[in-house]
Amino acid sequence: MKVILRCCVWVLAIVHVAGCNGDIHMEATDGEATDGAAPACGPGACGGDLVGTWDVVSSCLRFDDTVTTFDGCPSVRFHIDGDVVVTGTSTFGADLTFTETTSVSGAGTMVTPASCLPIGRTCEDMGAETVGAGCSSTFALGNTPATATGTYTTTSAGLLTRLATGSPTEDTSDFCVKGTTLTETRHPDMGSIVYAKR
């Protein structure tokens, strides 16, 4: 049983991930879940001039296992397997508006409690593998681009605050611009995405 989840990272946002098109929300390292400490892959907050267009060149992300209700079944566990690839572009205007287009691709494992199976059916009947008291199946993070627009503010210390159009809440992150390289770490700490300026 392969489940396709269309998610942007920030999209991550990226995972914001702008969110996840209503399918599932994952807190967004490449690969295995960690003990809660994000990888040390960025310089931290230092501020700088964000104005311009920036292309994603690399990422160092942490996805914690997520337990949630999915398709009416409680206690479904999602785990990201292997590398997650982030691509996209962010443009920050001098007028304090932004536009972002981000895609995330990767794969993971979903473990569903056996109690959620139709009566008389087994994991194997559903194309899944029996693991303990549940059924394990794979899913793919869809590589569908997600676009967000809105307004932003920055501080000299390196705090970036975005308010996406139509969103009731702000997103915050630490950022650091060094030359033509931008490193951004979303709050809560989910690792970093590195951009190159066009």
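Which of F175, F70 comes first, and how do the rest follow, when ranked by fewest Cβ neighbours within 10 Å? Walk me through the numbers on the way to the answer.
Details: F175 25, F70 19.
Result, fewest neighbours first: F70, F175.
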Open item on the list: Modelling each spin label as a point 7 Å along the Cα-to-Cβ direction, I'd like the T89/T69 distance in nm, to one decimal.
Closed with: 4.1
TODO: Would you calculate the volume per residue, in Å³, of the smallest convex hull containing every Cα atom of region 54-104?
DONE: 124
Task: For region 67-152, radius of gyration divided by Kirkwood radius, i.e. Rg to Rh on alpha-carbons - done: 1.20
TODO: Could you calculate the contour length gain from T99 to T138, that is, 0.36 nm times the residue separation minus the distance between their Cα atoms, to one decimal place in nm?
DONE: 10.8 nm
- [ ] Within 10 Å of each residue's Cβ, count the other Cβ atoms and sort S105, S173, S137 from fewest upward.
- [x] S105, S137, S173
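Read-outs throughout are calculated quantities, based only on the coordinates presented, and are distinct from any laboratory measurement. Just so it is clear, the structure is predicted and the values come from calculations on it, not from any experiment. Neighbour counts run over all protein chains shown; Cβ positions are idealised from the backbone, glycine included.
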